[in-house]
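The values are calculated or read from the model by the stated rules, or taken from the named source; none is laboratory data. What you see is a predicted model; the values in this text were computed from it and never measured. Heads up, the Cβs are rebuilt from the backbone with ideal geometry, glycines too, and the neighbour counts pull from every protein chain shown.
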C-alpha cells in the first residue's frame with residue numbers, strides 16, 4: 001500500500017541477517033535466543049525488547065537505529081510531522097530548484113550527511129558499489145563514517161611513514 005512505511009524491526013533484522021549471510025539458527029545462537037523466537041521477531045509476531053535490539057545490533061555489527069524505528073513513522077502523515085519537527089528543531093526548509101523539491105538544512109552537519117547520502121546513492125546508481133554495499137552503509141551509519149575516518153587516518157599515517165623513510 002503506497003504511503004505506508006511497513007518496514008518493522010523484524011524485517012530489518014531479517015534483511016541484515018541475510019545480507020551478512022547468516023542463517024536464522026546462527027544468529028539466534030549468537031544472540032542467546034531460540035530460532036523460534038527469532039522467527040517470531042522477523043515475522044512481526046513479537047517485538048524484541050530494547051535490550052534485545054541492542055544485542056542484535058552488536059552481533060550484526062550495525063547501529064541500533066538501523067534496527068529500531070526511532071521515528072515510529074508508520075504512515076506518510078507521520079513522516080510529514082517528523083519533517084515538521086525537523087523544521088523547528090534543525091532548521092529544515094523546503095525549496096524548489098529546477099522543478100525539483102528539495103529539503104535543506106541550516107545545520108552544516110545535516111548538510112554534510114545529506115551530501116554523503118547523495119554521493120553514496122549516486123555511486124549505487126553508477127554501479128560503483130553494489131546494493132548490498134549501499135545497504136550496509138545505511139545500516140552501519142554513522143559507524144560507517146567512523147570507519148571512513150579511520151581509513152583516511154591510516155592512509156595519512158602510511159604516507160607520513162613513507163615520507164619519513166624517503167628522507168632517511
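In the stretch 6-20, of all residues being at pLDDT below 90 and out of contact with any helix residue (DSSP H, G or I) (no Cβ under 8 Å at 6 or more places or on another chain), the one that is nearest to residue 77 (Cα to Cα) corresponds to 6. Within the stretch 123-139, the set of residues being part of a helix (DSSP H, G or I) and either more than 15 Å from residue 61 (Cα to Cα) or more than 8 Å from the chain's Cα centre (by Cα) (or both) comprises 123, 124, 125, 126, 131, 132, 133, 134.
A quick yes/no check of all residues on (1) surrounded by fewer than 19 Cβ atoms within 10 Å (Cβ to Cβ); (2) free of Cβ contacts under 8 Å to residues at least 24 places away in the same chain; (3) closer than 19 Å to residue 142 by Cβ:
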site	(1), (2), (3)
27	no, no, no
32	yes, yes, no
41	no, no, no
44	yes, no, no
47	yes, no, no
53	no, no, yes
57	no, yes, yes
63	yes, no, yes
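Could you tell me whether any residue of the stretch 102-117 is in contact (Cβ under 8 Å) with a residue 60 or more places away in the chain, assigned to a helix (DSSP H, G or I), under 20 Å from the mean Cα position of the chain (by Cα) and within 23 Å of residue 15 (Cα to Cα)? Before the answer, list the steps.
At the first step, the residues of the stretch 102-117 found to be in contact (Cβ under 8 Å) with a residue 60 or more places away in the chain are none.
No: the stretch 102-117 contains no residue that is in contact (Cβ under 8 Å) with a residue 60 or more places away in the chain, assigned to a helix (DSSP H, G or I), under 20 Å from the mean Cα position of the chain (by Cα) and within 23 Å of residue 15 (Cα to Cα).
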